[in-house]
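J.: Below you'll find the structure I mean.
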Amino acid sequence: MDFRGNLHRFLKFYIDGWKYFRDPTMECRHSAVYYWREQMKAMFLYTTSKERQLCFRSTWHFLVTIQVSICFLTMCYGVTESLGDKVQVGRDLAFLIGVFFIVFKLYYFHWYGDELDGVVETVEAFHPWAQKGPGAVDYRTSKRWYLVLAFLLASSWMAFLCIFLLLLITAPMWVHQQILPLHAAFPFQWHERSIYPTSHAIIYLFQSWSATYFLIWLVCIEGLSVSIYLELTFAIEVLCLELRHLHRRCHGYEQLRLETNRLVKFHQKIVEILDRTNNVFHGTLIMQMGVNFSLVSLSVLEAMEARKDPKVVAQFAILMLLALGHLSMWSYFGDMLSQKSLKISEAAYEAYDPSRGSREVYRDLCLIIRRGQQPLIMRASPFPSFNLINYSAILNQCYGILTFLLKTLD
């Protein structure tokens, strides 16, 4: 596919999302998961065995791996130049943690790309989840809400990313002590502008391209991950709708029995897909929690260390808010998934009608009620699930660290 075709493939989510946002009556055949995958394919960095069989994909994936490894290793080497300056070391470590998160995700999905694609294919195959035909439930409002939510998230992420990249790439032009977008050190001082101006320019362009490419990919893989859980939340809403409208759509015991049996399998399918999703994202969810907690702790420590310098405090306060914002987003969507899943048992109880049905129908409804009492969770064992309760516990832990540091430094 040519450049123009790939560009349209990447921008299709924003084009269709804007149309869907402006026109509530417009129908969309795909979920947000499909669009995020298309964006990653347009970037040639959807790391599945099927993609690697395409022309030059395997070579490109290898070059990208080398590229991100060079970025990370030179930044590690750059920390040695900052030793003695605690504030500069803190800045270097903050960027290093962020780059390590990208490196980890890139390597991780090189290994688990096929498993991720299997989940995406399953989710897209079942979308929009509802049974078609006479008496089908009206799921369009919920479907539109989740797609518009994904579109607004994607648009806001890309807008903030453009601002961040602009500040990052132009930083050496207005920060006197900075000569590269990312503080890094190369052998033979190739990064020094006064000694090797040509190699410095090449490294400057290399870092600018790498930062742009990998951060856009990070937004895409984060969007894909979040959208899979949002799609499962939408599936739960459809299941609740079909349970509440069970007797409106079914006439006769046999039809009712077949429908409740299908809904039991529908519920089980949601649980199975969620288990597969948690298994696929197991490593990244653990790393996510560790990276966010590390960034928050580092920000608090550096802000306390340089508390007499308002500029430094403001920089690390922004970093702390970004880390907490990222964690709060995942916690919110995890909590939404759990809270919606608890409504399944309520919907099944509302579907129970002693005057209609048979023993088999009641048995199926009781099975859904019993299963629905256990919330579906976004979790990477042995760590706690992503929800607002555990998010509050993390905030309390950070507050405890802050209080301890204040007492120690005073």
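J.: When both residues are 6+ apart or on different chains and their Cβ atoms are under 8 Å apart, which pairs have a first residue that lies in region 257-273 and is touching a residue at least 12 places away in the same chain (Cβ under 8 Å) and more than 23 Å from D353 (Cβ to Cβ), and a second that is part of a helix (DSSP H, G or I) and β-branched (V, I, T)?
T.: I270/I236; I273/V119; I273/T122; I273/V123
J.: Another question, if that's okay. Right, S199: surrounded by 12 or more Cβ atoms within 10 Å (Cβ to Cβ), closer than 18 Å to C71 by Cβ and among the polar types (S, T, N, Q) or not?
T.: Spelling it out, S199 is indeed surrounded by 12 or more Cβ atoms within 10 Å (Cβ to Cβ), closer than 18 Å to C71 by Cβ and among the polar types (S, T, N, Q).
J.: Ok, one more. Taking the condition of being over 30 Å from Q39 (Cβ atoms), outside any helix (DSSP H, G or I) and not β-branched (V, I, T), how many residues in region 158-202 meet it?
T.: Looking only at that region, the number is 11.
J.: Restricting attention to region 237-256, and to residues there that are assigned to a helix (DSSP H, G or I) and without any contact (Cβ under 8 Å) to a residue 40 or more places away in the chain, which single residue is most open to solvent (accessible area, probe 1.4 Å)?
T.: E254
J.: Does any residue in region 391-404 that is among the aliphatic types (A, V, I, L, M) come within less than 8 Å, Cβ to Cβ, of a residue that is surrounded by fewer than 16 Cβ atoms within 10 Å (Cβ to Cβ) six or more places away or on a different chain, and which pairs are these?
T.: Correct list of pairs: A393/P384.
J.: So how many residues does region 373-389 have that are part of a helix (DSSP H, G or I) and out of contact with any Phe, Trp or Tyr (no Cβ under 9 Å at 6 or more places or on another chain)?
T.: 1
J.: Looking only at residues that are open to solvent by 30 Å² or more (accessible area, probe 1.4 Å), of a type in the set (A, V, I, L, M) and over 16 Å from the mean Cα position of the chain (by Cα) in region 99-155, which one is farthest from L241 (Cα to Cα)?
T.: So, considering only residues that are open to solvent by 30 Å² or more (accessible area, probe 1.4 Å), of a type in the set (A, V, I, L, M) and over 16 Å from the mean Cα position of the chain (by Cα), the one farthest from L241 (Cα to Cα) is A125.
J.: So, C398, is that one surrounded by 12 or more Cβ atoms within 10 Å (Cβ to Cβ) and either under 30 Å from I273 (Cα atoms) or at pLDDT 85 or above (or both) or not?
T.: no
J.: Could you please give the count of residues in region 292-301 that are surrounded by fewer than 19 Cβ atoms within 10 Å (Cβ to Cβ) and under 18 Å from R91 (Cβ atoms)?
T.: Residues that pass the stated criteria total 3.
J.: Here is a further query. Hey, does region 262-279 have a residue that's in contact with a helix residue (DSSP H, G or I) (Cβ under 8 Å, 6 or more places away or on another chain) and either at pLDDT below 90 or outside any helix (DSSP H, G or I) (or both)?
T.: The answer is no; no qualifying residue exists.
J.: Another one. How about region 1-54: which helices (runs of 4 or more DSSP H) wholly inside it have at least 3 residues that are open to solvent by less than 70 Å² (accessible area, probe 1.4 Å) and farther than 18 Å from L153 by Cα?
T.: 3-22
J.: Before we move on, is R363 at pLDDT below 90 and not aromatic (F, W, Y)?
T.: So R363 passes the test.
J.: How many of the residues making up region 306-318 are surrounded by fewer than 21 Cβ atoms within 10 Å (Cβ to Cβ) and assigned to a helix (DSSP H, G or I)?
T.: 8
J.: Next question, about the same structure. Quick check on region 73-93. Is at least one of its residues at pLDDT 90 or above, open to solvent by 70 Å² or more (accessible area, probe 1.4 Å), part of a helix (DSSP H, G or I) and under 27 Å from S225 (Cβ atoms)?
T.: Yes, region 73-93 has at least one match.
The values are calculated or read from the model by the stated rules, or taken from the named source; none is laboratory data. The structure presented is a predicted model; accordingly, all values stated were derived computationally and were not measured. Because the Cβ atoms are built from the backbone with ideal geometry, glycine has one as well, and the counts that use them run over all protein chains shown. Heads up: the accessible areas ignore ligands, DNA and RNA and are worked out on the full protein's heavy atoms, side chains in. Shrake-Rupley method; radii C 1.70, N 1.55, O 1.52, S 1.80 Å.
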